[in-house]
Amino acid sequence: MSFFRIALKNLLRRRLRTALTLCGVAVGIAAFVALVGFSRSFEQEWLKLYESSGTDLAVVQRTFLNTTVDEGVGEKLRSIPAVADAEPMIVNLMDLTPEVNALVYGWPEGSFEMDTLTLLQGRRFRGDQPEVMLGEVLAENLGKKAGDVMDIQGSAFQVVGVFRGGSALEAGAAILPLRQLQKLSDLGGKVTAFNVRLRKASDGEPDEQRIQQARTAIEAALPGLKAVPASVRAHNNQLVVLARSTAWGTSLIALFIGALGIANTMAMSVFERTKEIGVLRALGWKRSRVMKLILIEAAVLGLVGGCLGVAGGWLALRILAALPATASFVTSSIPGRHCVEALGIAVVVGLLAGFLPAYRGAQLSPVEALRYE
Amino acid sequence: MSDCLLEARNVTKHYEEGRIQALRGVDLVVSAGEFVAIRGPSGSGKSTLLHLLGGLDQPSSGEILFRGHSLANSFDLDAYRSRRVGFIFQAFHLLPTLRALENVQVPMFETKLSLRERGEKAAVLLREVGLEQRFHQYPNQLSAGERQRVAIARSLANDPEILLADEPTGNLDSENSTKIMAMLAGIQARRKMVLVVVTHEAAIAQLAQRTIQIRDGRICSH
């Protein structure tokens, strides 16, 4: 008989209580897997989006709350020697139908970002006409194809093209002419950011150095604005920040509740087994071995609850990725690293929650524990 | 005394800041291979003395010596209980979630025996107490006599030199009591170990080589 088997049998003694505890842990871990996994994949998709568009830097406001930039900044940006091109853009999250939310971009007609899109149907929009291009997933969710007309915030737009982009976010997005989105968003003369392409590096010049020098030049020329590389921008994107903080906040609350469940179960278990612990101590078990037994039980609760939680989180993401309201910005893939991390967190939560009951169990005097009724 | 294995020297034990005096200056010498019975009325301090001899508790004053060395100063009490002493309780105290074969292995976790060796040794011990057909039964599937035999096998798990039994027949009928005591006496004689039995019963005490009477925390006759 292995030591582990004793721990396992103790857990199976109160099957209902163990099952309920596992459910508590599983909910916490499922929340972590689904929410934090979503926020991370959301960030990754933003990064892919920025990188695939060939944008080296994005020029945005320094302040967190005021996220718009005056459109007139464009001329000044283009006059900076390091800058090859600078395109204004707006990004917004909109209800396109009561069921479907999507990211909506506003680009000028000739934006270099158009070059990264592959048209599956129709054409690009022209000028500032009320025309819209739909990502392939969004088009499918809306049941629209090139040539159809759709309503966006009370205005009629003609669907002129369906495209495939470099990221899942683009697949679930709509692209409008910049002026049209400014009008819909009440952002006359303002944009969310300028996407900047830098001039090619001269021979031997490291990329990092070229980007750093350009950032310094832009920030010196345009006080109040900052130039951020794609990775930083993906990390600091307000939607990503919001998703991340919400995900972690919710997950931590759920994990805390799961930990309380384990702590309660282990405390009850130690209380009920006071006499048995006394017997184990009488038979020569060291305090450390008693503690190890209880901690293994707590860790097993964490691990099994964690496995259930990973499966639950994956299922939740699958469902979210299939729902029209969320399909545009949720991917169902969970990196293996994230699963391992979730299981690690589950075991650590189990160990932390089990520590105090284990310590108290180990401190029991054998004689007093044997007398306990 | 050259063959003295276990000794209580002027041992007192009190509880609740001295309001309860369980033992009052007990002196006792147990020689190697000796079978001693401790008799006395309820509350006389006989179980307390057994617990102190087994390192389950420490005296308030005085000392317990094993092979001439004080338990308090010279021994890790966990190791002493694990390797030198085997306990048998009135209420058997088997772990309800483990089968007979598994219960016997519990003390062996403090040794270096492998998984396989633990299983093999437990099987030998259960055969020794006549339970070769009951290896895989849980305690609630065993009779009271069988449970006590499993407990005896468990007490022998680490080949102790001392067997301490606290009312080992207290929960058994007279037929099983006789069998269990005969088994304990046989094991003590074969293994040449110390057996100290706390009991109310005169018939059991008669099996011992020596009986100690204890009353109000004092030994009143040897």
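Bear in mind that the values in this text are calculations on the coordinates, not laboratory data. Not measured: the values here are computed from a predicted model. Reconstructed Cβ throughout: ideal geometry from the backbone, glycine too, with neighbour counts over all protein chains shown.
Once you keep just the Cα pairs under 8 angstrom separated by 6 or more residues, what percentage relative contact order results for chain A? Here the relative contact order equals 29 percent. Roughly how tilted is helix A:287-322, in degrees to the nearest 10 and between 0 and 90, from the longest Cα axis of chain A? It works out to around 30 degrees. Pull up the cross-link candidates among the aspartates and glutamates for A:K144, meaning alpha carbon to alpha carbon under 14 Å and not fewer than 8 places away within one chain. Leaving aside aspartates and glutamates fewer than 8 places away in the same chain, those within reach of A:K144 are A:E131, A:E136.
In this structure the amide hydrogen of A:T68, modeled in the peptide plane, comes within under 5 Å of no amide hydrogen from residues 5 or more places off or on another chain. Our helix-only sum for chain B, with -39,500 (n - 2.57) per DSSP H run of n ≥ 4 divided by its residues, gives a mean residue ellipticity at 222 nm of -9500 deg cm²/dmol.
About the centre of its Cα atoms, segment A:1-77 shows a dipole size close to 1400 debye [charges on the beta carbon of Lys, Arg (+1) and Asp, Glu (-1) only; nearest 20 debye]. Shown for A:D148, B:D3: other C-beta atoms within 10 Å of each C-beta, ranked fewest to most, produce the order B:D3, A:D148. When every Cα-Cα distance of segment A:191-255 is counted in 5 angstrom steps from zero, the calculated P(r) takes the values 3, 14, 18, 18, 14, 10, 8, 7, 5, 2, 0 percent. Annotation note: GluC sites (Glu not before Pro) in segment A:95-170 located in DSSP loop regions with a Cβ neighbour count of at most 13 within 10 Å are A:E99. When the Cα centres of segment A:209-250 and segment B:12-54 are compared, how far apart do they sit, in Å? Taking the Cα centre of segment B:12-54 as reference, the centre of segment A:209-250 is 77 Å away. With the charge dipole of the protein assembly as shown set up from +1 on Lys and Arg Cβ and -1 on Asp and Glu Cβ about the Cα centre, the Cα lying farthest toward the positive end among the listed residues B:A203, A:G312, B:N158 is that of B:A203.
Relative to the longest principal axis of the Cα atoms of chain A, the long axis of helix A:3-13 lies at roughly 90 degrees.
For the protein assembly as shown, dividing the convex hull volume of the Cα atoms by the residue count gives 231 Å³ per residue. Percent antiparallel among DSSP beta bridges with both residues in segment A:63-223, to the nearest 5? Around 75 percent of the beta bridges assigned by DSSP in segment A:63-223 are antiparallel ones. Counting only GluC sites (Glu not before Pro) that sit in a DSSP loop (anything but H, G, I, E, B) with at most 15 other Cβ atoms within 10 Å, what is the longest stretch of chain B containing none of them? Excluding the exposed sites themselves, the longest stretch runs over B:18-131. Of all DSSP beta bridges confined to the protein assembly as shown, the antiparallel ones make up roughly 65%. About its Cα centre, the dipole of segment A:226-316 is roughly 360 debye, where the only charges are +1 on Lys and Arg Cβ and -1 on Asp and Glu Cβ. Looking at chain B alone, DSSP beta bridges between its own residues are antiparallel in about 50 percent of cases. In segment A:43-137, if the dipole is taken from +1 on Lys/Arg beta carbons and -1 on Asp/Glu beta carbons about the Cα centre, which of A:T118, A:Y50, A:P88 is farthest to the positive end? Result: A:P88.
Each Lys and Arg Cβ is given +1 and each Asp and Glu Cβ -1; about its Cα centre, the protein assembly as shown then shows a dipole of about 2060 debye.
In chain A, the longest principal axis of the Cα atoms and the axis of helix A:238-272 are about 10 degrees apart.
Across segment B:145-184, no residue has a backbone nitrogen under 14 Å from the label position 7 Å along the beta-carbon direction of B:K112. Over segment A:63-223, the ratio between the Cα radius of gyration and 2.2 N^0.38 Å evaluates to 1.13. Of the residues A:T63, A:F38, A:V27, the one whose Cα sits farthest toward the positive end of the charge dipole of segment A:22-79, with +1 on the Cβ of Lys and Arg and -1 on the Cβ of Asp and Glu, is A:V27. Taking the Cα centroid of segment A:101-176 and of segment A:334-350, what is the distance between the two, rounded to the nearest whole Å? One Cα centre to the other: 38 Å. Our summary gives segment A:63-223 a relative contact order of 31 percent, counting only alpha carbon pairs under 8 angstrom and 6 or more residues apart.
Given a Förster distance of 35 Å, report the FRET efficiency between A:R123 and A:E99 from their Cβ-Cβ distance, rounded to the nearest 0.05. Computed FRET efficiency for A:R123 and A:E99: 0.80. For B:K46, the lysines whose Cα falls under 21 Å of its own Cα, not counting residues fewer than eight places away in the same chain, are A:K275, B:K13. Computed per residue of chain A from DSSP H runs no shorter than four, each worth -39500 (n - 2.57), the mean residue ellipticity at 222 nm is -18000 deg cm²/dmol.
Excluding same-chain neighbours fewer than eight residues apart, the lysines reachable from A:K76 by a Cα-Cα span under 23 Å are A:K190, A:K200, A:K226. Of the trypsin sites (Lys or Arg not before Pro) found in segment B:110-181, those in coil by DSSP whose Cβ has at most 12 other Cβ atoms within 10 Å are B:K112.
Helices in chain B that qualify as membrane-span-like (whole DSSP H runs, Cα extent of at least 15 Å along the helix axis, mean Kyte-Doolittle hydropathy of -0.5 or higher) are B:174-191. Loop-located trypsin sites (Lys or Arg not before Pro) in segment A:306-373 (DSSP state other than H, G, I, E, B) with a sparse environment of at most 11 neighbouring Cβ atoms within 10 Å are absent.
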